[in-house]
1. Over 24 Å, how big is the tail of the calculated P(r) for the range 229-366, in percent of all Cα pairs?
2. Please find, in a Gaussian network model of the chain (springs between Cα atoms separated by less than 10 Å), the residue of Met57, Met208, Met143 whose mean-square fluctuation is greatest.
3. Taking H placed 1.01 Å from N in the peptide plane, check which residues at least 5 places from Ala106 or on another chain put their amide H under 5 Å from its amide H.
4. Among all the lysines, which ones have a C-alpha under 25 Å from Lys204's C-alpha, if same-chain residues fewer than 8 places away are not counted?
5. Heavy atoms only, probe 1.4 Å: what % of the accessible area of the range 38-167 goes to carbon and sulfur, would you let me know?
6. Taking the chain as the reference, fit the longest principal axis to its C-alpha atoms, fit the long axis of helix 61-74 to the helix C-alpha atoms, and give the angle between the two in degrees, 0 to 90, nearest 10.
7. May I ask you to list the aspartates and glutamates whose Cα is less than 16 Å away from that of Lys306, ignoring any residue fewer than eight positions away on the same chain?
8. Before rounding to the nearest 500, sum -39500 (n - 2.57) across all DSSP H runs of length at least 4 in the chain and divide by the residue total; then give [θ] at 222 nm in deg cm²/dmol.
Amino acid sequence: MNYDGYFARALAQLQDEGNYRVFADLERHRGNFPQATSHCGQTRDVTIWCSNDYLGMGQHPDVLSAMHEALDKVGAGAGGTRNISGTTHHHVLLEAELADLHNKEAALLFTSGYVSNWAALGTLAARIPDCLVLSDALNHASMIEGIRHSKAERQIWRHNDLAHLEELLAAQPLERAKLIAFESVYSMDGDIAPIAEICDLAEKYNAMTYLDEVHAVGLYGPRGGGIAEREGLMDRVTVIEGTLGKAYGVMGGYIAASVDLCDFVRSFASGFIFTTALPPAVAAGAAASIRHLKASAAERASQKEKVAEVRARLDAIGIPHIDNPSHIIPVMVGDPVKCKYLSDILMRDYGIYIQPINYPTVPKGTERLRITPSPVHSDADIDCLVGALETLWTQCQLARLPMAAQ
Ligand code: PMP
């Protein structure tokens with residue numbers, strides 16, 4: 001039996017819709033974020049403007065030397081699942097570092113943020129008797145898949161809509177197990193959840209909270225503990241979930257919570273139990289990154305300045321972008337084919353790499369270029385980006401905000 005014809009037709013349809021994903025083939029430059037060599041078509045140097053290595057920590061000397069040191073000392077792989085010889089001292093130290101970051105009793109590592117959501121949320125929802133999961137409408141695929149997999153009852157509340165969440169909570173018996181799943185910074189719009197108010201509702205209606213801080217850890221709060229740290233709310237959230245692959249620049253995911261909750265997930269989550277542990281050098285690099293960003297606020301401050309600068313420059317020329325309180329600048333194009341075209345021309349003519357974000361990642365009609373300024377983008381990088389967008393916006397006859405006419 002051969003399904004290649006079926007696969008080809010499905011892919012052709014994606015291409016027709018402008019939604020077929022083409023990967024950039026990049027070679028990042030060691031110690032020199034955000035520069036890379038692109039091997040797409042002609043080989044050339046590019047500046048990356050869409051990385052989730054938000055602070056450039058993936059090229060930071062502390063991280064690189066911790067990884068080298070661990071590699072030289074203990075070798076490449078962990079050698080097994082966490083249960084069968086794969087728990088190395090680097091994993092244990094990293095979990096302690098993460099528990100401390102979020103002021104929780106314990107933390108549990110996974111091989112990615114995706115796996116941490118899928119496995120932890122899925123296990124809690126499946127195994128807490130008669131658990132109802134209340135899931136924000138814009139939650140990440142990893143949470144949605146975890147909840148689905150659990151087969152627990154799920155109700156979806158309108159994005160960041162407290163009244164709707166309260167309506168759903170109020171309809172349930174107080175004694176029923178309820179888990180509110182949501183994010184702090186939403187990755188595609190860059191808006192931020194009202195965490196304090198959600199915690200108020202959780203306390204009023206006897207619910208637990210599961211907060212994905214993947215786009216916030218390392219970036220917000222005095223020690224990089226995320227939005228919950230910045231707002232003094234870490235103790236009120238039942239589970240904080242994060243990644244080591246974005247602001248921390250390495251790889252891996254985790255939850256931080258009570259000792260009993262982490263031990264429960266450790267003991268029952270197949271996505272934790274039956275997979276090889278992260279390489280120890282990865283754990284060592286992540287721990288070095290966390291330690292650095294606990295002590296240093298310089299990267300966070302500088303990133304904030306760069307984000308403000310890029311926003312102001314886009315405003316000055318009327319390029320539409322979502323006005324949000326985070327580090328994510330979604331430049332709105334509103335058409336998948338134009339979005340892809342802009343991305344291609346930025347790469348080809350300007351050496352600027354911004355991946356187009358199309359459906360199904362975002363709703364149809366809201367296609368965008370998602371720009372993430374980092375502390376190490378230079379003034380010249382910003383000049384080049386803004387100049388290129390201005391030229392292409394005119395060339396593609398894309399709408400500008402009224403400000404441009406002033
Ligand atoms: N949660 C959210 C909100 C995400 O955006 C992502 C990845 N983009 C993940 C979880 C998964 O994290 P990771 O990349 O570490 O698998």
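1. Every Cα pair in the range 229-366 considered, those over 24 Å come to 54 percent.
2. Per the Cα network of the chain with a 10 Å cutoff, Met208 tops the list.
3. HN-HN under 5 Å from Ala106: Ala257, Val259.
4. By straight Cα distance, Lys204 reaches Lys104, Lys178.
5. Using a 1.4 Å probe with all protein chains present, the range 38-167 comes out at 53 percent carbon and sulfur.
6. Taking Cα atoms only, the helix is inclined about 50 degrees.
7. Within the straight-line cut-off, Lys306 pairs with Asp53, Asp315, Asp323, Asp379, Asp381, Asp383.
8. Roughly -12000 deg cm²/dmol at 222 nm, from the helical runs in the chain.
The values are calculated or read from the model by the stated rules, or taken from the named source; none is laboratory data. These numbers come from a predicted model, not from an experiment. When we count neighbours, we look across all protein chains shown, and the Cβ atoms used for this are built from the backbone with ideal geometry, even at glycine. These accessible areas exclude ligands, DNA and RNA; they are computed on the full protein's heavy atoms, side chains included. Shrake-Rupley method; radii C 1.70, N 1.55, O 1.52, S 1.80 Å.
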